[in-house]
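Have a look at the structure below, then the notes.
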């Protein structure tokens, strides 16, 4: 036995010793009574997951680096503010940009986080860091939050994917070193729904016959190479076929919505992406990301931001209202994030440049206490002066809302341990 344990990997030895200890203490029935995620936390000597305040996440990503001074952290009356005015909101004492008048009326649902900072000042690295909590490394890919949710807490709908990404790719946010089954389903355009999801030019019997023949061809290979990656490839096909046959496929069809609802969100990629996100979480998809690009405003910042904000304002305000009236906001955490902010100084091209030292994001619903602003930057919006929040802290707060065990370690293929938000600590004070 001792020789066998020495030959085992570190994770196996720890699991064996932990379960042996539990058996000796008279708690040997635990494995049959508790989910794997809780057992893994016990194996590592950490408490099991806390009760979640949210079950699902809609993650709105502002690709390109959204300017904080011209959106959520205005500095009225200063030389750095430029021509953008600040307006009052439905949250007492909280002002935001005049470019976001519809969202201003929903700010009683929102907790602004104005004290974010990042260590990454380039787009690709910043995007990856925000999505994964880890800096880019050439030797490993880190999972995004959608993968962590499915790994630790599973799917809710067994037919639909646990994670969907709408409207553009992200450098991070995929399955990373986890199995490919944890990767998000990627849709380039919400209006197109799920493409190639129906049989074409073949009857159901012909389709089944072809599928059976393909399985016969593959059987010997699968038996010979019974490995995780091979099984994941087969599982992907099985999931796709199950979805093709399911009534849940209608969740991707925006034509099922009334025209006035589609108009309310805005007839653009982001607005319809927000509407599709609502439909998907309504059908128990756990994590939906919607991307709005165009925030890289090195030139002509103010006109560009006004245009982007018009799209953002309508889509996100409609999403928050719609979730609330459908009774979904309490169980859905709505997150707005970006890779970094923009400089307080205005450059010679009337633009703002990359600025990772200070920027803003927000959270709403899912147990968050709305109507507040957390964290403070100085009068320039250049330095965080109160309640600083790192990127891992921000992601730890999302994981905390979902009840994920922050200290539970998952091992990469090379045996390296990783946690859902690296060393991040959740901002517990923003919860109601």
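Mind checking whether some residue in the stretch 391-401 is over 15 Å from the mean Cα position of the chain (by Cα) and assigned by TED's automatic domain parsing to the domain that holds residue 135?
Start the filter on the stretch 391-401 by keeping residues that are over 15 Å from the mean Cα position of the chain (by Cα), which leaves none.
No - not one qualifying residue is present in the stretch 391-401.
Can you list the helices (runs of 4 or more DSSP H) found entirely within the stretch 90-158 that contain at least 2 residues being touching a strand residue (DSSP E or B) at 6+ places or on another chain (Cβ under 9 Å), farther than 19 Å from residue 335 by Cα and in the same structural domain as residue 74 (by TED's automatic domain parsing)? Before you say what the answer is, go through the steps one by one.
Working: elements: 101-104, 123-132, 145-153.
Answer list for the stretch 90-158: 145-153.
Find the strands (runs of 3 or more DSSP E) located wholly in the stretch 319-385 whose residues include 2 or more that are under 16 Å from the mean Cα position of the chain (by Cα) and at pLDDT 95 or above, and list them. Spell out how you get there, then give the answer.
Details: elements: 332-338, 359-365, 372-374.
In the stretch 319-385, the matching strands (runs of 3 or more DSSP E) lie at 332-338, 359-365.
Answer with yes or no whether residue 198 is in a helix (DSSP H, G or I) and either surrounded by fewer than 24 Cβ atoms within 10 Å (Cβ to Cβ) or modelled with pLDDT of 95 or more (or both).
On the way: in a helix (DSSP H, G or I): no; either surrounded by fewer than 24 Cβ atoms within 10 Å (Cβ to Cβ) or modelled with pLDDT of 95 or more (or both): yes.
No, not satisfied.
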Considering only the stretch 319-346, state which residues are out of contact with any strand residue (DSSP E or B) (no Cβ under 9 Å at 6 or more places or on another chain), without any contact (Cβ under 8 Å) to a residue 60 or more places away in the chain and either more than 23 Å from residue 267 (Cα to Cα) or buried (at least 21 other Cβ atoms within 10 Å of the Cβ) (or both). 327
All positions within the stretch 402-432 that are under 19 Å from residue 363 (Cα atoms), surrounded by fewer than 16 Cβ atoms within 10 Å (Cβ to Cβ) and either touching a residue at least 60 places away in the same chain (Cβ under 8 Å) or within 19 Å of the chain's Cα centre (by Cα) (or both): 425, 428, 432
What tally of residues in the stretch 386-408 results from selecting those that are touching a helix residue (DSSP H, G or I) at 6+ places or on another chain (Cβ under 8 Å) and part of a loop (DSSP other than H, G, I, E, B)? 7
Is it the case that the stretch 301-316 has a residue that's crowded, with 24+ Cβ neighbours inside 10 Å, closer than 28 Å to residue 174 by Cβ and over 16 Å from the mean Cα position of the chain (by Cα)? yes
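The values are calculated or read from the model by the stated rules, or taken from the named source; none is laboratory data. All of these numbers come straight from a predicted model, not from anything done at the bench. Cβ: placed from backbone, ideal geometry, glycine included. Neighbour counts: every protein chain shown.
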